[in-house]
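Heads up, the thing below is written out as structure tokens.
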Amino acid sequence: MTPPSRRRSPCAWPVISEGRVRNEPITDALRSGAGVRGSIEIRQESVLSLALPYRERLEVRRAVFRGGPGPRVAIVSGVHGDELEGLYVCHRLAHWIEQLAATRPEALRGQVELYPALNPLGLDTLVRFVPVFDADLNRMFPGHTEGLLPQRVAAAVMQHLAGAALVIDIHASNIFLREIPQVRISQDFATGLLPVAREMNLDLIWLHGAQTVLETTIAHSLNERGVPCLVVEMGVGMRVTPAFADQLVVGILRTWRALGVLTPDVELPELSHLPFVADDTNVHYLNAATSGLFIPGVEHWMALREGDELGRIVSPFDGGVRSTVRSPVDGVLFTLREYPLVYEGSLMARIMAGPPAAGATEAAHG
Amino acid sequence: MAEEALLRMTAPLRCDFDIPYHDIGDSREAPKLALVSGLHGNELNGIFALARLAAVLKDVTAGRHAGQRLRARVIIIPAVNVLGVNTRSRRWPFDQTDINRMFPGYDAGETTQRIAQAVLALTRRAHYRVDIHSSNLDFEEVPQVRLYDPTPDERTAATLFGLPAVVERRMNTIFTSTLGHAWRAAGGTNFVIQAGQAGSLQTAHCERLFRALVAFLYRTGLLDGVTLSDEDEDIHYFGLDQNLSMISEHAGLFVSKLEVGRWVHTGDVIGLVYDGFSGELRAELKTPVAGLLSGLRRQPLLCEGDLLARILVRHHVAEGADTYLHGQGQ
């Protein structure tokens, strides 16, 4: 088994250029919140505030970095309270822009908005859904200003993102599955989004078929209203994978530069990852044939041959093997189960077949 | 007559498990009626009503109720989410998926997709199909038939249950992944019934639900020889836009002494909101319309943007009722 041809090496952290960025920890002044630095205005503000039953309020906050009158772009994450990868990406981007503000603020032509935590109560209480309402926030869009609390959150976010040139919605799978950094695009919006996705420095683009229920996601709702929105899936729930974040940050900054949010002379690393394109015809799902403990025997993002063993399902009650999991095709392993216990039917892996192949199954989305 | 299992599966560490159902009547015929509840493991009213109905219908077929006769085969699944019942969980407890968002399902997919596929495969041959829910843990609803974009037959047959309200609602995107929607693709006459509150058993709602199911069996000619109570005759049909959801603009402790199923006048106080710290009265919540109080908040802790009550009205009200699906339990 050999790794796929695409590079999977740690990518360099983007440095603007020699002499322009001080490669040192951010100063206390830069940490201190609101204030104007050069021509970049940095502020944190609430986009929605709703009263909770006892004393507290639910605040959905964003960080805004306002440079010139150029395009507005946004990052959203933390729609699910157990997905943390996007939070770290927001931190890295904020750090980069704060450095820019301190060195050459004129390079930010447009405005960057970070919405790291759309489900702050879920994140702060370690719950995937919106607590109390037990609602999947990503099935509440476009929301309703006079509706239930999760619908109000959705509506406020939609309102604030209107007019953005590009929104990137970062997800981190769930606690069960680890995903290679990838963009997911509905076939409905593929024409406009595919060229942008190719430049995101990610390993995979997955074009999936339209599903009615996914019309309630933030990405669909934004795209339908003419706000381009890419969905990034990477890593695993309840964890942060710094290498994935740094890889994505390069793609995001390059994309912002291409959109004119950053001046063309901002120096950024070259793309280190070029994506494969998967769709419903070449993605193979490996669901558990029986229940037990799934112990993988391969690394994530490995190239596999048909018949290669991916892992075994075993039982702690005996020494035997309940099921041996084998690749049904030649391809690359882009989803690998992280949580060991499986029920019959639990997804253990997804493999993108090398050459496009028939036999696709329906998509499930994190 | 037999107790069957529609799916047998392994579990990681527990013993193998199954989803049992009742198959009552002549098994050589296609079933005429399929009754399902407990897609959500904490919705107990439907489970109890269906289990009791199965017991009675088995007695009927065994000849223990003189003069009564079951004329068709009936499938009854009291609880689909068996592990959810035992762990008091609405969702499938292992991966927190909602079985009623997994339809039509897939027999080689995730566990809950397999469960959904098996439920659909068993029930799709029946002509009449009913999926019974409670509301959620926070909300109580008067037993009612819910119709989504119904056929003329469904509009007519919905009144045969004799429940106090038949409520028509718009199709919406979430509903497309439910059992009720999957049934529509197979034709037939399909209903969603909503009764009471999740997390506990409300015996009055269970009795009403039980009588409704018996009345439906009798009025569709599937069950002979029963005498229906005439107290269930007060039926009201509410079309699209005849539903008002009261959403709170206040937060605090919500207190109400009302019962669901009563009629209210414009301006009647639905409940009071107190500040949980200072004890001061923050708001008197009054209904802006007159109508049937079909649902009422039972959870005292109230957020801004929480559902207080649902009122079914005789005239049309301007409200995007379909946007308020969440919180209805189903």
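What follows is calculated from the coordinates using simple rules that are stated; it is not laboratory data. What you see is a predicted model; the values in this text were computed from it and never measured. Backbone-built Cβ (ideal geometry, glycine too); neighbour counts: all protein chains shown.
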Ranking B:Lys286, B:Lys32 by Cβ neighbours within 10 Å, fewest first, what do you get? B:Lys286, B:Lys32
At a Förster radius of 45 Å, what calculated FRET efficiency corresponds to the Cβ-Cβ distance of A:Thr145 and B:Leu228, to the nearest 0.05? 0.45
Below 23 Å, Cα to Cα, which lysines can B:Lys257 reach? Residues fewer than 8 away in the same chain don't count. B:Lys286
Stretch A:Arg326-A:Glu270 to full length: gain in nm at 0.36 nm per residue minus the Cα-Cα span? 16.5 nm
Where the centre of each part is set by its Cα atoms, how far does segment A:168-203 sit from segment B:243-314, in angstrom? 43 Å
Average beta carbon contacts from partner chains per residue of B:13-19, 10 Å cutoff: 2
Just name one of A:Leu93, B:Gly261, A:Leu161: the one whose Cα is farthest towards the positive end of the charge dipole of the protein assembly as shown (beta-carbon charges, Lys/Arg +1, Asp/Glu -1). A:Leu93
Euclidean distance between Cα centres, segment B:88-115 to segment A:84-153, Å: 29 Å
Taking A:Met238, B:Met171 and counting other C-beta atoms within 10 Å, the order from fewest to most: B:Met171, A:Met238
Sorting A:Leu149, A:Leu253 on the 10 Å Cβ count, fewest up front, what's the list? A:Leu253, A:Leu149
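Might you report the magnitude of the Cβ-based charge dipole of segment B:1-44 about its Cα centre, with Lys and Arg at +1 and Asp and Glu at -1, to the nearest 20 debye?
On the way: 4 positive and 8 negative charges, 23 e Å.
I would put it at about 120 debye.
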How much of the DSSP beta bridge set in segment B:1-118 is antiparallel, as a percent to the nearest 5? 70 percent
Partner chain coverage, peptide A:143-155 - average Cβ within 10 angstrom: 5
Would you mind getting me the FRET efficiency between A:Thr125 and B:Arg52? Use the beta-carbon distance for r and R0 = 30 Å, nearest 0.05. 0.20
Karplus ³J(HN,Hα) for segment A:153-161 (6.51 cos²θ - 1.76 cosθ + 1.60, θ = phi - 60°; Hz, whole; x = Gly/Pro) runs 4, 4, 5, 5, 5, 4, 4, 6, 8
Short version: what are the Cα gyration tensor semi-axes of segment A:135-240, square root of 5 times each eigenvalue, largest first, in whole Å? 22, 18, 12
With viscosity set to 0.692 mPa s and temperature to 37 °C, compute the Stokes-Einstein D of chain A, Rh being the Kirkwood radius across alpha carbon pairs; µm²/s, no decimals. 153 µm²/s
Using the crude model of +1 on Lys and Arg Cβ and -1 on Asp and Glu Cβ, and no other charge, please compute the dipole size for the protein assembly as shown relative to its Cα centre, in debye to 20. 240 debye
Starting from 0 in steps of 10 Å, tell me what percent of the Cα-Cα pairs of the protein assembly as shown lands in each bin. 3, 14, 22, 23, 19, 12, 5, 2, 0, 0
What distance in nm separates the simple spin-label points at A:Phe317 and A:Leu194, each placed 7 Å from Cα in the Cβ direction? 5.0 nm
Could you compute how fast segment B:243-321 diffuses translationally, taking Rh as the Kirkwood radius over C-alpha pairs and applying Stokes-Einstein at 25 °C with viscosity 0.890 mPa s? Give it in µm² per second. 194 µm²/s
Length-normalised contact order of segment B:243-321, Cα under 8 Å, at least 6 apart, in percent, tallies to 42 percent
Taking the Cα-to-Cβ direction at B:Thr266 and at A:Arg55 and moving 7 Å from each Cα, how far apart do the two end points lie in nm? 4.2 nm
Between A:Ser272, A:Phe334, A:Leu126, whose Cα lies farthest towards the positive end of the dipole of chain A when Lys and Arg beta carbons carry +1 and Asp and Glu beta carbons carry -1, centred on the Cα centre? A:Ser272
Rounded to the nearest 5, the percent of antiparallel DSSP beta bridges in segment B:2-238 equals 40 percent
Rank by packing, highest mean first: peptides A:208-219, A:137-148, with packing defined as the count of other Cβ atoms within 10 Å averaged across residues. A:137-148, A:208-219
Model label zone, B:Asp153; criterion: amide N under 20 Å from point 7 Å along Cα-to-beta-carbon; scope segment B:185-203: B:185-193
Once each part is reduced to its C-alpha centroid, what is the distance from segment A:207-229 to segment B:4-40 in angstrom? 36 Å
Any idea what Rg and Dmax come out to for segment A:281-353 if you just take the C-alpha atoms, in Å? 11.6, 39
Tell me, what is the Rg over Rh of chain B, with Rh the Kirkwood radius over Cα pairs? 0.98
Any lysines whose Cα falls less than 20 Å from that of B:Lys32, other than same-chain ones fewer than 8 residues away, would be B:Lys58
